[in-house]
Every structure is written in structure tokens, then in C-alpha cells.
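Enquirer: Take this structure first; my questions come after.
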Amino acid sequence: MAKRICLQMGHVSSEYHTIPGLKGSSGAPGEQELTRRVTDRTVFMLRERGFEVLQTDAIAYADSQVVKTNWDLFLAIHGEADMAGQGGTVATADPSVDSAAVESNRIKEAIRSEYFKHSEIDDKNYTSDNIRFYYMWRFLSPSTPCV
């Protein structure tokens, strides 16, 4: 069981930084607020259960506490507006950029098996280059699984 978890609020930051090669924006209307609420609640629940949790924002790559730590899990939470009606997804990186891909995928499947049972969101498992090659894999320690 993971004891040290870093939760990232995707789309949420005090400033928007662009990373070379990253496509996209800071989110559609409402995504930042949804992401903040879900992340805050998840942090509260994990801490209640005895986990050590660091909450960070979309520019986590600039947070020395994040990039210099071997986490048991780095979980990026992104509320999505689902404007295309695709449902939700739980994703991991392409193994070419995720050194902990086996553990990342194991955790991903554990989350998927519970999350979509208890939410009213369809599990569509869509993907894109921004998901498969998510920028944080460039900054996390090789042993840190990321979902």
C-alpha cells in the first residue's frame, strides 16, 4: 500500500507556464474548480487514513518537493468538461516515458475497477499524446508510479 502520495491538481496553478512540446491549455471552463474540489476532498480522505500527502498544482515540475522525492504514487487529477461526450478515463504513460510503467498500470487498473463503479461517469478510456506522454514523467523519479 502506498504511504507517500503526491496529488496534482491538473489545470490549476497560480501562473500558467508552457512547456516545450506540450500542446493544450489550462482547461475548459469549470475544469479548474472541479479539479480543485476533487483533489481537496481526496487529500482530506487520504490523510484521514494515515497517508502522507503533498498537494501540488499544474506546474508541479517547478516544485522541488515533488521532483526530488521518490513517491509511492504521483496522481494527477484532471476534471474534464467532457464536451465531446466521451466519458472519463484513468490513464498511465507510454512505457517509453514511464520507468515505473508496470506499477503505474497496476495502480491505474485498481483505480478504474473502483472509480467507475461508484461514479456516474462512463469509462471510455480515451487517450491522446498529452495523456500518453504527459509532461510530468520527465520530472518524476524513475521509481515513482504515475497515474
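Enquirer: Given a 1.4 Å probe and the protein chains all in place, what does the accessible area of Arg36 round to, in Å² to the nearest 10?
Expert: 110 Å²
Enquirer: On to the next question. Roughly speaking, what is the centre-to-centre gap between the range 32-65 and the range 82-147 when only Cα atoms are used, to the nearest Å?
Expert: 17 Å
Enquirer: Probe 1.4 Å, all protein chains in place: accessible area of Leu34 in Å², nearest 10?
Expert: Rounded to the nearest 10, the figure is 60 Å².
Enquirer: Using a 1.4 angstrom probe on the protein heavy atoms only, could you order Asp94, Asp129 from most to least accessible area? Show your work: numbers first, answer last.
Expert: Details: Asp94 45, Asp129 80 Å².
Largest to smallest exposure gives the sequence Asp129, Asp94.
The values are calculated or read from the model by the stated rules, or taken from the named source; none is laboratory data. Since the model is a prediction, treat every value here as computed from it, not as a measurement. Just the protein is used for accessible areas: all its heavy atoms, side chains included, with ligands, DNA and RNA removed. Shrake-Rupley method; radii C 1.70, N 1.55, O 1.52, S 1.80 Å.
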